[in-house]
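Comments concern the structure below.
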Amino acid sequence: MRKLILKMSISIDGFVGGPNGEIDWLLKSLDEGTTAWLLDTLWKAGVHIMGSRTFYDMASFWPYSTEPVAAPMNEIPKVVFSKKGLGGYLNQRLTTRAYKDATLLRTADGSKHSSVISPAAGTWQDAQVATGDLATEIMLLKQEPGNDILAHGGASFAQSLTALGIVDEYQLLIHPVALGTGLTLFSALPKPLHLKLVNSQTFNSGAVAHIYREA
């Protein structure tokens, strides 16, 4: 049975986004080392899963990106969790503050977006939509063959996964910034979650990647 891995960027005081979902703080501490770590993590996945709001953001961003991370994000199959389905997301303007932050910061640091959509963007258009009970849908995905399942936030989707106790491994990229307030990862836990650190890697930017499993 394959694992469910939750990959999240998080501030040193435990927030995964600003009060309005801002992510400008996390992009500022990405460097070659963190990018290499992210690429390795992404390419190991058999499928990327996410909630609908994150899906809208990523489907509007990655098919047009020329960054190295765009390749695994575009090429690996997706499953999006949405009770209402998607209904022609490409024609809707449903992106969030996170999408705006990513676009503005990438432009500012010289990263490029293409006006031509990637040939691999079909994985977004053909994404599987899961509309059933979250725990049941995840269990079905775990029973399928292939590499592990990699979950991406939004905060609310990540909170739902942690609250259900169905995450097998947490891959947290801890950024050297304190936000003071914002969106949390573990606020929906019904009881304390005890974890063991199985790997740690420090990067020149000051970010640290911690990998945890249940103790």
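The values are calculated or read from the model by the stated rules, or taken from the named source; none is laboratory data. Values in this document were obtained by computation on a predicted structure and should not be read as measured data. So basically every Cβ, Gly included, is an ideal-geometry build from the backbone, and we count neighbours across all protein chains shown.
Residues considered: 215, 209. Of these, the only one that is at pLDDT below 95 and of a type outside the set (Lys, Arg) is 215.
So which residues in region 29-62 are farther than 29 Å from residue 143 by Cβ and in a loop (DSSP other than H, G, I, E, B), if there are any at all? 29, 30, 31, listed by residue number.
State whether one or more residues within region 138-149 are assigned to a loop (DSSP other than H, G, I, E, B) and β-branched (Val, Ile, Thr). Within region 138-149, none of the residues are assigned to a loop (DSSP other than H, G, I, E, B) and β-branched (Val, Ile, Thr).
Going by the conditions given, is residue 160 under 23 Å from residue 41 (Cα atoms) and either part of a helix (DSSP H, G or I) or of a type in the set (A, V, I, L, M, F, W, C) (or both)? In short, yes.
If you check residue 138 against the conditions, is it at pLDDT 95 or above, out of contact with any Asp or Glu (no Cβ under 9 Å at 6 or more places or on another chain) and of a type in the set (Val, Ile, Thr)? Taking the combined requirement at face value, the residue satisfies it. Screening 146, 165, 132 for residues that are at pLDDT below 95 and under 26 Å from residue 85 (Cα atoms) leaves exactly one candidate, 132.
The condition of being touching a Lys or Arg at 6+ places or on another chain (Cβ under 9 Å), of a type in the set (S, T, N, Q) and modelled with pLDDT under 95 holds for residue 96.
Annotation note: Cβ proximity below 7 Å between a residue of region 63-83 that is part of a loop (DSSP other than H, G, I, E, B) and a residue that is among the charged types (D, E, K, R) (sequence gap 6+ or interchain) occurs for 66/112.
Those residues that are without any contact (Cβ under 8 Å) to a residue 40 or more places away in the chain and under 18 Å from the mean Cα position of the chain (by Cα), I need them from region 133-159; list them, please. Passing the criteria: only 159. Once region 1-30 is narrowed to residues that are of a type in the set (A, V, I, L, M) and more than 16 Å from residue 180 (Cβ to Cβ), the residue that is surrounded by the fewest Cβ atoms within 10 Å (Cβ to Cβ) is 1.
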